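*Asks:* There's a structure below that I have some questions on.
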Amino acid sequence: MDKLYDLIIIGSGPAGLAAGIYAERARLDTLVIEKEYVSGGQVINTYEVDNYPGLPGINGFDLAEKFREHAEKLGVRFVVDRAVRVERQADRNLVVCEEQTYAAKALILATGAAHRKLGVPGEEELAGMGVSYCATCDGAFFRQKDVAVVGGGDVAVEDAIFLARMCRKVYVIHRRDELRAAKSLQETLLGLENVEMVWDTVAEQIEGDGQVERLTLKNVKTGEPSALAVQGVFIAVGIVPNSQIFEGLVELEHGYIAAGEDGRTSVPGIYAAGDVRTKALRQIVTAVADGANAVASAERYLAEKASRQKG
């Protein structure tokens, strides 16, 4: 911990990578800490990204790779280590990781979010044995099989469309009587012959002997139980922010780091970007914008701090 960076970015999803690019262009002495050997965060598990400007139809892994290549070309430095906690000191912030501790004058927290779980019996026991949170990762294992997708947002609908290309039958389980996904996605989904919508219904239990065999359901309006014989259950019911290590450091709202468009948190010199912060729309394009805004805020903070020290 001999070195004091101008800026440390925790996380290397779209927000963290964009922040790294903008920080390098601003000539800030920057380090990006990533917990995995592959950059990109959740986007690497997206089969097709059809709404990122200029790159229609690109898959998530390739998009993440382009972000990383851009950052590396500019000279952004990366280290693979898992952050455990952040400690504030008078003139610096310490990022304590599993392998080493790093110090910086300013921080950008871009740790993203993780898949939310259903919390039903059988989910944990059959995880990886038919229960999945990533259709693009595991869909190929279910060719010509029957599967269920639980959820009604963009991710759930995208997953169902993807799975319909290879699975015999795809059931979409949604607790309401209409989807929340983008209209264009809904139109595509509802036009697929091997997709069946199961409205006003929630999953009650996932059953199987070492492998998913059945999904038990309940109609939320009538209370009527039912069951589907499926070999796979894909869960897409939202996300949970990866903010646990920041509890007590910055203000949180329902687990998300309280921060506006400028990325400023409740603590001077600490900024948040991407899915981990409070925001109305969590998309790749907004995460990238967050990274740029957070760097602009950090740059102003560092300039003002240097000016005060000189004065």
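The values are calculated or read from the model by the stated rules, or taken from the named source; none is laboratory data. Note that the coordinates shown come from a computational prediction; the quantities given were computed from them, not determined experimentally. Note: ideal-geometry Cβ built from the backbone for every residue, glycine included; neighbour counts use all protein chains shown.
*Asks:* Any residue at all in the range 160-174 that is surrounded by fewer than 17 Cβ atoms within 10 Å (Cβ to Cβ), in the same structural domain as Phe142 (by TED's automatic domain parsing) and either on the phi > 0 side of the Ramachandran plot or assigned to a helix (DSSP H, G or I) (or both)?
*Replies:* no
Each row is one residue, and each column tells you yes or no for (1) among the aromatic types (Phe, Trp, Tyr); (2) surrounded by fewer than 17 Cβ atoms within 10 Å (Cβ to Cβ); (3) within 19 Å of the chain's Cα centre (by Cα).
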residue	(1), (2), (3)
Val233	no, no, no
Ile257	no, no, yes
Gly263	no, no, yes
Ala280	no, yes, yes
Val288	no, no, yes
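*Asks:* Is it true that Val233 is farther than 20 Å from Gly130 by Cα and among the β-branched types (Val, Ile, Thr)?
*Replies:* It is false that Val233 is farther than 20 Å from Gly130 by Cα and among the β-branched types (Val, Ile, Thr).
*Asks:* Please verify whether the range 90-97 includes one or more residues that are free of Cβ contacts under 8 Å to residues at least 60 places away in the same chain, in contact with an Asp or Glu (Cβ under 8 Å, 6 or more places away or on another chain), closer than 26 Å to Ala303 by Cβ and surrounded by fewer than 14 Cβ atoms within 10 Å (Cβ to Cβ).
*Replies:* No, every residue in the range 90-97 fails to be free of Cβ contacts under 8 Å to residues at least 60 places away in the same chain, in contact with an Asp or Glu (Cβ under 8 Å, 6 or more places away or on another chain), closer than 26 Å to Ala303 by Cβ and surrounded by fewer than 14 Cβ atoms within 10 Å (Cβ to Cβ).
*Asks:* Give the range 265-278 a look and list any residue that's more than 9 Å from Leu109 (Cβ to Cβ), touching a helix residue (DSSP H, G or I) at 6+ places or on another chain (Cβ under 9 Å) and surrounded by 15 or more Cβ atoms within 10 Å (Cβ to Cβ), or say none.
*Replies:* Gly269, Asp275
*Asks:* Are any residues in the range 253-299 part of a helix (DSSP H, G or I) and within 21 Å of Val240 (Cα to Cα), and if so, which ones?
*Replies:* Gly274, Asp275, Val276, Ile284, Val285, Thr286, Ala287, Val288, Ala289, Asp290, Gly291
*Asks:* What about Gly119, is it surrounded by fewer than 16 Cβ atoms within 10 Å (Cβ to Cβ) and without any contact (Cβ under 8 Å) to a residue 40 or more places away in the chain?
*Replies:* yes
*Asks:* Just to confirm my filter: which strands (runs of 3 or more DSSP E) fall fully inside the range 1-117 and include at least 3 residues that are more than 30 Å from Asp159 (Cα to Cα)?
*Replies:* In the range 1-117, 4-10, 30-34, 77-80, 83-88, 93-97, 101-109 are the strands (runs of 3 or more DSSP E) which contain 3 or more residues that are more than 30 Å from Asp159 (Cα to Cα).
*Asks:* Further question on the same structure: Sort out which residues of the range 73-84 are charged (D, E, K, R) and either within 16 Å of the chain's Cα centre (by Cα) or surrounded by 15 or more Cβ atoms within 10 Å (Cβ to Cβ) (or both), and write them in order of number.
*Replies:* Within the range 73-84, just Asp81 meets the criteria.
*Asks:* Only one residue in Thr101, Thr30, Thr46 is touching an Asp or Glu at 6+ places or on another chain (Cβ under 8 Å), outside the structural domain of Lys169 (by TED's automatic domain parsing) and at pLDDT 95 or above, so which one is that?
*Replies:* Thr30
*Asks:* May I ask you to list the residues in the range 140-155 that are in contact with a strand residue (DSSP E or B) (Cβ under 9 Å, 6 or more places away or on another chain) and surrounded by fewer than 22 Cβ atoms within 10 Å (Cβ to Cβ)?
*Replies:* Selection gives Phe141, Lys145, Asp146.
*Asks:* Please enumerate the residues belonging to the range 118-151 that are touching a Lys or Arg at 6+ places or on another chain (Cβ under 6 Å) and outside any loop (DSSP other than H, G, I, E, B).
*Replies:* Once the filter is applied, which keeps residues that are touching a Lys or Arg at 6+ places or on another chain (Cβ under 6 Å) and outside any loop (DSSP other than H, G, I, E, B), the range 118-151 yields only Asp146.
*Asks:* Follow-up. In the range 30-49, how many residues are surrounded by 14 or more Cβ atoms within 10 Å (Cβ to Cβ) and either free of Cβ contacts under 8 Å to residues at least 40 places away in the same chain or polar (S, T, N, Q) (or both)?
*Replies:* 7
*Asks:* Quick check, is Gly119 out of contact with any helix residue (DSSP H, G or I) (no Cβ under 8 Å at 6 or more places or on another chain) and not assigned by TED's automatic domain parsing to the domain that holds Leu192?
*Replies:* In short, yes.
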